[in-house]
Amino acid sequence: MAVVSGYVLVLGGTAEARSLAAALVDRGVRVVSSLAGRVRAPRLPVGEVRVGGFGGVDGLRAWLAREGVDAVVDATHPFAERISWSAAEACAAEGVPLLVLRRPGWTARDGDDWHWVSTVDSAAAVLPGYGSRVFLTTGRQGLSAFASLDLWFLVRTVDEPKPPVPQRMRLLLDRGPYTVEGELGLMREHGIDVLVSKDSGGRLTVAKLDAARELGLPVVMVRRPAVPDVGRVGSVDGVLAWLIEGGVLRFS
């Protein structure tokens with residue numbers, strides 16, 4: 001039986017963060033899950049939840065000092081680099097242990113035609129060379145990069161995007177998980193000839209890559225941004241082992 005010796009801040013918003021919160025609550029650990037608040041109706045984890053930013057590094061430092069948390073787990077989206085860097089700086093300054101929980105990125109398979117770029121802007125720059133009917137799945141935050149392109153876009157986001165957005169666009173508001181059959185039907189219905197994706201990893205949205213492979217479509221893939229040099233694991237079990245080693249989670 002787990003005995004709590006402190007409490008944990010989980011920087012969340014991902015499926016991994018929700019799984020971690022559930023595992024910690026099941027063990028009697030006090031958990032606060034922090035969500036950025038960018039999604040209108042997020043899937044909420046169990047336990048305590050706070051929504052909204054901390055106010056940069058200084059705000060996060062003040063929150064950590066006030067709350068007296070014993071550990072922070074950064075389980076944010078692989079492309080939420082701002083909070084990851086803020087967490088690394090704030091935790092180092094306050095002496096709070098920090099671990100990154102990050103799902104592995106996707107790996108190309110036989111038959112894939114992937115073209116790697118470093119940023120969403122780079123994806124927009126090379127896109128006209130790969131097709132004219134685009135399935136754009138990079139999220140609503142970076143749509144402005146594609147606004148000036150004379151291409152047709154099927155844009156899928158969770159929430160309604162704000163302009164500027166592509167002029168020739170059909171918007172699909174939806175959230176995973178998706179199926180290969182569903183993605184194949186969507187791409188065929190709209191005559192898609194190129195897919196744009198971030199290397200988010202995970203199972204919820206990988207079906208689009210399977211569908212693109214089956215249809216022989218090129219994929220413009222945005223690499224993950226650089227992350228702070230802190231400890232990292234790829235599973236909830238890895239986090240639990242780290243918390244046990246650090247004395248935050250103990251057994252009697």
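Screening Leu209 with (1) assigned to a helix (DSSP H, G or I); (2) open to solvent by 20 Å² or more (accessible area, probe 1.4 Å) gives one miss only, at (2). Closer than 21 Å to Leu184 by Cα, surrounded by fewer than 19 Cβ atoms within 10 Å (Cβ to Cβ) and of a type in the set (D, E, K, R), is that true of Asp113? Criteria met by Asp113.
Once region 90-110 is narrowed to residues that are in contact (Cβ under 8 Å) with a residue 60 or more places away in the chain and open to solvent by 60 Å² or more (accessible area, probe 1.4 Å), the residue that is nearest to Ser34 (Cα to Cα) is Pro97. Screening Ser86 with (1) in contact with a Lys or Arg (Cβ under 7 Å, 6 or more places away or on another chain); (2) among the small types (Gly, Ala, Ser); (3) under 20 Å from Phe54 (Cβ atoms) gives one miss only, at (1). For region 87-103, the count of residues that are β-branched (Val, Ile, Thr) and more than 16 Å from Val8 (Cα to Cα) is zero. Scanning region 191-206 for residues that are open to solvent by 10 Å² or more (accessible area, probe 1.4 Å) and assigned to a loop (DSSP other than H, G, I, E, B) turns up Gly191, Ile192, Asp193, Asp199, Ser200, Gly202, Arg203, Leu204, Thr205, Val206. Would you confirm whether any residue within region 213-225 is closer than 25 Å to Val73 by Cα, open to solvent by 10 Å² or more (accessible area, probe 1.4 Å) and not basic (Lys, Arg)? Within region 213-225, one or more residues are closer than 25 Å to Val73 by Cα, open to solvent by 10 Å² or more (accessible area, probe 1.4 Å) and not basic (Lys, Arg). One residue stands out in region 58-88 among those that are crowded, with 16+ Cβ neighbours inside 10 Å, free of Cβ contacts under 8 Å to residues at least 60 places away in the same chain and of a type outside the set (Ser, Thr, Tyr): the one that is nearest to Arg224 (Cα to Cα), namely Leu60. Val46 meets the conditions (1) touching a residue at least 24 places away in the same chain (Cβ under 8 Å); (2) assigned to a strand (DSSP E or B); (3) of a type in the set (A, V, I, L, M, F, W, C) in every case but one. The failed one is (2).
Restricted to region 151-163, and to residues there that are over 17 Å from Val220 (Cβ atoms) and open to solvent by 30 Å² or more (accessible area, probe 1.4 Å), the residue that is nearest to the chain's Cα centre (by Cα) is Val158. Got at least one residue in region 171-187 being of a type in the set (D, E, K, R), open to solvent by less than 40 Å² (accessible area, probe 1.4 Å), touching a residue at least 60 places away in the same chain (Cβ under 8 Å) and touching a helix residue (DSSP H, G or I) at 6+ places or on another chain (Cβ under 9 Å)? No: zero hits.
All conditions in (1) in a helix (DSSP H, G or I); (2) touching a strand residue (DSSP E or B) at 6+ places or on another chain (Cβ under 8 Å); (3) open to solvent by 60 Å² or more (accessible area, probe 1.4 Å) hold for Leu240, with the sole exception of (3).
Scan region 125-150 for residues that are touching a residue at least 24 places away in the same chain (Cβ under 8 Å), of a type in the set (A, V, I, L, M) and open to solvent by 10 Å² or more (accessible area, probe 1.4 Å) and the total you get is 3.
The values are calculated or read from the model by the stated rules, or taken from the named source; none is laboratory data. Not measured: the values here are computed from a predicted model. FYI the Cβ positions are ideal-geometry reconstructions off the backbone, even for glycines, and counts take in every protein chain you see. Ligands, DNA and RNA are stripped out before the accessible areas are found, and what is left, the full protein with its side chains, is counted by its heavy atoms. Shrake-Rupley method; radii C 1.70, N 1.55, O 1.52, S 1.80 Å.
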